[in-house]
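The values are calculated or read from the model by the stated rules, or taken from the named source; none is laboratory data. Keep in mind the model is a prediction, meaning the values are calculated, not measured. Backbone-built Cβ (ideal geometry, glycine too); neighbour counts: all protein chains shown. Side chains are part of the model used for accessible areas, which takes the heavy atoms of the whole protein and leaves out ligands, DNA and RNA. Shrake-Rupley method; radii C 1.70, N 1.55, O 1.52, S 1.80 Å.
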Amino acid sequence: MTRLIIFGAPGAGKGTQATRIAASLGIPAISTGDIFRYNIKNETALGLQVKEILASGAYVPDEVTNAIVRDRLDQPDAVGGFLLDGYPRTQAQVTELDDMLAVQGTSLDAVLELTVDTDEVVQRLLKRAEIDGRADDTEDVIRHRLRVYDEETAPLAALYRERGLLHQVDGMGEMDTVAERLRAVLATLQS
């Protein structure tokens, strides 16, 4: 069980849980959001390209995101497995990821979806914005991102459910409680 996706609404705790899962499995956690923020902070060409897009709450265009993920999956540490966080977000990205994995002669093992309450997520993100100084986390932008997620990404759950890959996990509660729920799901997949 080494090729995984974790998804859920912004603020569902994907990044926190992805890091924990990846460490326990010895695979890299690949976060497109972290890649974008790193490039913005370092004012790279990519960072300048996506800064305005992310600040508005919109998604970075598929061709840019696909190229970043393709490059990352080709790096040596991802050959034996990975945990994608924040990708795919659209049907077109699902198709592209399928193609990337087919070229490698592999496929996904599972998709983990953290389910959360919208109002709780808004409060989590507003708190994170205060702590981390993230200008992209105003309440209007957060609610916009949640609407975009519901329209474009949430439908991917049905697609992965049809493929027998989707495992929904309650993302509400303390981090350790959610981590234990995820561990229990992963344990059933590895047996």
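Inverting the pair-averaged 1/r between distinct Cα atoms of region 1-57 gives 12.7 Å as its Kirkwood hydrodynamic radius.
Within region 93-176, the percentage of alpha carbon pairs spaced more than 14 angstrom apart rounds to 73%. Backbone phi angles across region 156-161, fed through the Karplus curve with coefficients 6.51, -1.76 and 1.60 (θ = phi - 60°), yield HN-Hα couplings of 5, 4, 4, 4, 5, 5 Hz in residue order; Gly and Pro are listed as x.
Over the chain, the hull volume per residue, using the convex hull of the C-alpha atoms, is 117 Å³. In this Cβ point-charge picture (+1 for Lys and Arg, -1 for Asp and Glu), the chain has a dipole of about 320 debye about its Cα centre.
The listed residues VAL185, VAL69, once ranked by accessible area (1.4 Å probe) with the largest placed first, stand as VAL185, VAL69.
The distance from the alpha carbon centre of region 20-61 to that of region 64-126 is 12 Å, rounded to a whole number. Accessible area per residue was computed with a 1.4 Å probe on protein heavy atoms; PHE7 scores about 10 Å². Of ARG143, ARG183, the order by accessible heavy-atom surface (1.4 Å probe, DNA, RNA and ligands excluded), from most exposed downward, is ARG183, ARG143.
Eigen-decomposition of the gyration tensor built on the alpha-carbon atoms of region 32-134 gives equivalent ellipsoid semi-axes of 26, 19, 13 angstrom, largest listed first. Relative contact order for the chain: 33 percent, from Cα pairs under 8 Å spaced at least 6 residues apart, divided by residue count. Computed from label points 7 Å out along Cα-Cβ, the spacing between VAL148 and ALA58 is 0.8 nm.
Since only ALA29, PRO10, LEU166 are under comparison, the one whose Cα sits farthest along the positive direction of the charge dipole of the chain, derived from C-beta charges on Lys, Arg, Asp and Glu, is ALA29.
Taking the chain as a Gaussian network, Cα atoms linked when under 10 Å apart, which of LEU125, LEU165, LEU48 shows the biggest mean-square fluctuation? Taking springs between Cα atoms under 10 Å, the residue moving most is LEU48. Can you tell me which of ASP140, ASP85, ASP176 moves the most in a GNM of the chain? Springs connect C-alpha atoms under 10 Å apart. Greatest mean-square fluctuation among the candidates belongs to ASP176.
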